[in-house]
Amino acid sequence: MGKDDGGCAFPRVNPEYTKNNDGMTLLDWFAGQALAGAMVGDEEGVEDHAKMAEYCYRQAAAMLAAREKRA
């Protein structure tokens, strides 16, 4: 990603097993958590999936920005 993605959400302790795949980024993890929270109680789902995804990534980016301010 071109923007700050927060790095690896679950970094591996032993780099020998990494093999160029560090898994999801912290940005992706935050977006997934935002999606899970947004979907609570919504059994019907959402009509515009692209808008929901954008919303979740905006929330995730805001979480990363808040995290940086605290550092």
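The values are calculated or read from the model by the stated rules, or taken from the named source; none is laboratory data. Predicted, not measured: the structure shown is a model, and the values here were computed from it. Quick reminder, even Gly has a Cβ in these numbers, built from the backbone with ideal geometry, and neighbours come from all protein chains shown.
Whenever a residue of the range 2-19 is under 17 Å from M63 (Cα atoms) and modelled with pLDDT of 65 or more, its partners that are surrounded by 11 or more Cβ atoms within 10 Å (Cβ to Cβ) and charged (D, E, K, R), lying with C-beta atoms within less than 6 angstrom and at least six residues away or across chains, give the pairs C8/D22. Residues that are surrounded by fewer than 16 Cβ atoms within 10 Å (Cβ to Cβ) and under 21 Å from D4 (Cα atoms) within the range 19-33 comprise N20, N21, D22, G23, M24, G32, Q33, listed in sequence order.
Residue-wise test of (1) assigned to a loop (DSSP other than H, G, I, E, B); (2) loosely packed, with under 14 Cβ neighbours inside 10 Å; (3) out of contact with any Cys (no Cβ under 6 Å at 6 or more places or on another chain); (4) of a type in the set (S, T, N, Q).
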| site | (1), (2), (3), (4) |
| --- | --- |
| L35 | no, no, no, no |
| A38 | no, no, yes, no |
| G41 | yes, yes, yes, no |
| K51 | no, yes, yes, no |
| A60 | no, no, yes, no |
| M63 | no, no, yes, no |
| E68 | no, yes, yes, no |
